[in-house]
Amino acid sequence: MSDPTRTFAPRYFEIAQALRARVGKLHPHDSLPSDAELCSEFGVSRMTARAAVQELVNDGLVYREPGRGTFVSPPVVDRQLSNLLGFNAEMRAKGLAPSSVLISAEIAPGTKTQLQMLYLEPGSEVLNILRLRKADDVPLVLDLNTLPAKFAGVLETDLDT
């Protein structure tokens, strides 16, 4: 009898998740195993291994150089800012309908902790964005994002959808 709580995930997705964990421990420009090595390690076809790596390429975590291999991408500020929008993609991947309610968005003097964690000078301002995140209209997360005030342009995006 099958477990009704178990969800199906394609093999390439499982491999991509394993590679994500590996990438998190590597440094920019470190190499990943070749397609042939991934095939051997995970017991899959070349097409499945390539699909797994392509997931990481699509997310900007790695890059390919033809004839040389696949390498860890250097961190990019835009990738960190994209976390503001990542909830929607995550919920859709789980088959849920994501939504958000913007509660507040304001520029304010940063707290001591905020300034220290963002490496900002004393007296600097920060942008605080507070949203209620939902999946299938069920409240899941009260999400507070704090950014340096210079990123106030993010308010021009639709933070509800």
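Scanning the chain for chymotrypsin sites (Phe, Trp or Tyr not before Pro) lying in DSSP loops with no more than 13 further Cβ atoms inside 10 Å, the longest uninterrupted stretch between such sites is 9-118. Once backbone amide H atoms are built at 1.01 Å from N, Glu125 has Gly110, Ala149 as its partners under 5 Å, excluding neighbours fewer than 5 places away on the same chain. Taking the longest Cα principal axis of the chain as reference, the axis of helix 46-58 is set at about 10 degrees. Packing here is the average count of other Cβ atoms within 10 Å per residue, and on that basis the peptides 45-58, 132-145, highest first, run 45-58, 132-145. About its Cα centre, the dipole of the chain is roughly 380 debye, where the only charges are +1 on Lys and Arg Cβ and -1 on Asp and Glu Cβ. For semi-axes √(5λ) of the Cα gyration tensor in Å, the value computed from the atomic coordinates appears in the list [x] 49, 26, 13; [y] 35, 23, 12; [z] 21, 18, 17 under label [y]. Residues in segment 104-116 carry Karplus couplings, in order, of 7, 8, 8, 8, 8, x, x, 6, 4, 5, 4, 5, 5 Hz; the curve used is 6.51 cos²θ - 1.76 cosθ + 1.60 with θ = phi - 60°, and Gly or Pro positions show x. Roughly how tilted is helix 83-93, in degrees to the nearest 10 and between 0 and 90, from the longest Cα axis of the chain? So the inclination is approximately 50 degrees. The residue among Ala93, Leu147, Thr157 whose Cα reaches farthest toward the positive pole of the charge dipole of the chain, with charges on the beta-carbon of Lys, Arg, Asp and Glu, is Ala93.
A short reminder: the numbers here are calculations on the coordinates, not readings from a lab. If you're wondering where the values come from, they're calculated on a predicted model, not measured in any experiment. Methodologically, a virtual Cβ is constructed for each residue, glycine included, from the backbone with ideal geometry; neighbour enumeration extends over all protein chains shown.
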